[in-house]
Amino acid sequence: MQISNNSVVQFHYTLSDANGEIESSHKHEPILYLHGQPGLIDGLVEALEGHKAGDNFSITLTADKAYGPRLDDAVQKVQVKRLQGAKKWKPGMIAVIETEQGQRQVTIVKVGLSQAEVDSNHPLAGKDLTFAIEILEVREASEEELAHGHAHGAGGHHH
């Protein structure tokens, strides 16, 4: 079965940039997702389309197809107490803040006593990324998965 809208796909990936490996799902559970629903970056969704279980391939996405270009005006000041994820902050660390659009990852630029300068660009913005993909399983989504808009099972959403 080929990957198309409403198929549930289970896959492993290794993500690299020009400097080498960034992260790999091989250390954890494989990714499980419902094709055609939000959750993966667009370039990756396009690359998966039409593949089937057992396929191994590699795709390089330019920054605009991945997490977008870096924005120069993305550095802002926030209250240190709004930063989530650590007790003590240092430049280069990734923090989570609540915004009106939900949670966002930010990178610490510098930290003062009560305020921190953070860069709200995604940590991978501006980078060309290479994904090595190993597709483990492709199946039809169940009616329940379609109703919920996501895949159920190991590596998917658990509700």
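Evaluate E = 1/(1 + (r/R0)^6) for Leu113 and Asp42, where r is the Cβ-Cβ distance and R0 equals 41 Å; express this FRET efficiency to the nearest 0.05. With a Förster radius of 41 Å, E is 0.50. Of the residues Val111, Val138, Val45, the one that moves most in a GNM of the chain with alpha-carbon contacts below 10 Å is Val111. With each label modelled as a point 7 angstrom along the Cα→C-beta vector, the Lys52-Ser142 pair spans 2.5 nm. As a ratio to 2.2 N^0.38 Å, the alpha-carbon radius of gyration computed for the range 78-159 takes the value 1.56. Split the accessible area of the range 1-125 by element, probe 1.4 Å, and carbon with sulfur accounts for 49%. Dividing the mean sequence gap of close Cα pairs (under 8 Å, 6+ apart) by how many residues the chain holds gives a relative contact order of 35 percent.
For the pair Asp72 and Ala132, a Förster radius of 30 Å applied to the C-beta separation gives a FRET efficiency near 0.45, rounded to the nearest 0.05. Considering every alpha-carbon pair of the range 1-100, the percent of pairs per 5 Å bin, from zero through the bin containing the longest distance, is 2, 9, 16, 17, 17, 15, 12, 7, 4, 1, 0.
Taking the charge dipole of the chain about its Cα centre, with +1 at Lys and Arg Cβ atoms and -1 at Asp and Glu Cβ atoms, the residue from Phe57, Ala151, Val75 reaching farthest to the positive side is Val75. Solvent-accessible surface of the chain, taken per residue with a 1.4 Å probe and all protein chains present: 60 Å².
The values are calculated or read from the model by the stated rules, or taken from the named source; none is laboratory data. Not measured: the values here are computed from a predicted model. Every residue, glycine among them, receives a Cβ derived from its backbone with ideal geometry; neighbour counts consider all protein chains shown. Note: accessible area is taken over every heavy atom of the protein model, side chains too, but ligands, DNA and RNA are not part of it. Shrake-Rupley method; radii C 1.70, N 1.55, O 1.52, S 1.80 Å.
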